[in-house]
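Contents: one structure, followed by commentary.
The numbers here are math on the coordinates, done by the rules we state, and not lab data. Just so it is clear, the model here is predicted, and its values are computed rather than measured. All Cβ positions, glycine included, derive from the backbone under ideal geometry; neighbour counts span all protein chains shown.
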Amino acid sequence: MTVEIAGIDVSRETFDRLKDYESLVKKWNPKINLVAKSTLDDVWDRHIIDSAQVFGVLHKIPENWVDIGSGGGFPGLVVATIAKEHYPNAKFTLIESDARKSTFLRTVSRELELNCMVIAKRIEAAPSQDADVISARALAPLQDLFSYVIQHLKPNGRVVFQKGQSYQDEIEQARKKWKFDVVAHPSLTDKRAKIIEAWNIEPIN
């Protein structure tokens, strides 16, 4: 039996893992504020489904996926949970400077038996990751994200960033400092939002 999540067919086991993750978010949130309190009753749609759709953006999940500013694990842990079923060899690295949130990420990864490593450092202080893909959700403006990821991304790597309705302005601002190719994928959970996929990222000298 399979279940559809954000247009992706997953097994009942994967679905149950994601429900366990939802429960862990609700359990830990009062102590370390993983998500806004106003969205705590809607973790499944606002955070898990919203993150799951990132999995469907790429035609193939690469072997080395890095999630930056992971916070409560969105989208990194969600994508890692789905990838466990579809791409079991994929490795995920979550970079999160907050020690308490890093502890949460490690706890979820252990309990859900995910192929994840957590680095409790600032992005710029973390060792170079040589990533095939780097993801982030609601972290920083696009031009700043590019400056964060450039040291961690393979030359032919890609980034997938979840952005709100101001995504077009962010792209235009980023083009003043960076050269890059980009596609804005529609969001399944917010008509105003987009998932930005970019590659061939180079600073303008």
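Restricting attention to the range 98-154, which GluC sites (Glu not before Pro) occupy a DSSP loop and are surrounded by at most 12 other Cβ atoms within 10 Å?
Details: sites: Glu111, Glu113, Glu124; in loops: Glu113.
Sites meeting the loop and neighbour criteria: Glu113.
Taking amide H atoms as placed 1.01 Å from N in the peptide plane, list the residues 5 or more away in sequence, or in a different chain, whose amide H sits under 5 Å from that of Val118.
Leu94
Which of the aspartates and glutamates could a cross-linker bridge to Lys177, judged by Cα under 17 Å and excluding same-chain residues fewer than eight apart?
Filter leaves Asp144, Asp169, Glu202.
For the chain, what's the radius of gyration and Dmax over Cα atoms, in angstrom?
Considering the chain through its Cα atoms, Rg and Dmax are 16.0, 54 Å.
Towards the positive end of the charge dipole of the range 2-203, with charges on Cβ (+1 Lys, Arg; -1 Asp, Glu), say which of Ala198, Ser166, Ala99 has the farthest Cα.
Ala99
Please order Lys37, Lys179, Lys84 by the number of other Cβ within 10 Å, starting at the fewest. Present the calculation step by step, with values, prior to reporting the outcome.
Details: Lys37 9, Lys179 13, Lys84 21.
In order of increasing Cβ crowding within 10 Å: Lys37, Lys179, Lys84.
In whole Hz, with x marking every Gly and Pro, tabulate ³J(HN,Hα) for the range 121-131 from phi via Karplus 6.51 cos²θ - 1.76 cosθ + 1.60, θ = phi - 60°.
Each residue of the range 121-131 in turn: 9, 5, 4, 6, 9, 6, x, 4, 9, 6, 7 Hz.
If you put +1 on each Lys and Arg Cβ and -1 on each Asp and Glu Cβ, how big is the dipole of the chain around its Cα centre, in Debye rounded to 20? Present the calculation step by step, with values, prior to reporting the outcome.
Details: 28 positive and 28 negative charges, 98 e Å.
Approximately 480 debye in magnitude.
Of Arg158, Arg122, Arg12, Arg17, how do they rank once you tally other Cβ atoms within 10 Å and put the fewest first? Let's see the in-between values first.
Details: Arg158 21, Arg122 13, Arg12 10, Arg17 24.
So the ranking, lowest neighbour count to highest, is Arg12, Arg122, Arg158, Arg17.
Taking the Cα centre of the range 45-165 as the origin, how large is its charge dipole in debye, to the nearest 20, when only Lys and Arg (+1) and Asp and Glu (-1) carry charge on their Cβ atoms? Don't skip to the answer; put the middle values down first.
Numbers: 14 positive and 13 negative charges, 20 e Å.
For the range 45-165, the charge dipole is close to 100 debye.
At 222 nm, what helix-only mean residue ellipticity would the chain give, in deg cm²/dmol to the nearest 500, using -39500 (n - 2.57) for each DSSP H run of four or more?
Calculated from helices alone, the mean residue ellipticity at 222 nm is -9500 deg cm²/dmol.
Please figure out what share of the DSSP beta bridges in the chain is antiparallel and state it in percent, rounded to the nearest 5.
Restricted to the chain, the bridges split so that about 50 percent are antiparallel.
Do the alpha carbons of any pairs in Lys37/Lys179; Lys84/Lys194; Lys60/Lys179; Lys19/Lys194; Lys26/Lys163 sit beyond 27 Å of each other, and which pairs?
Too far apart for the 27 Å limit: Lys37/Lys179.
How do Asp45, Asp190 line up, fewest other C-beta atoms within 10 Å first?
Ordered from fewest to most neighbouring Cβ atoms within 10 Å, Asp45, Asp190 come out as Asp45, Asp190.
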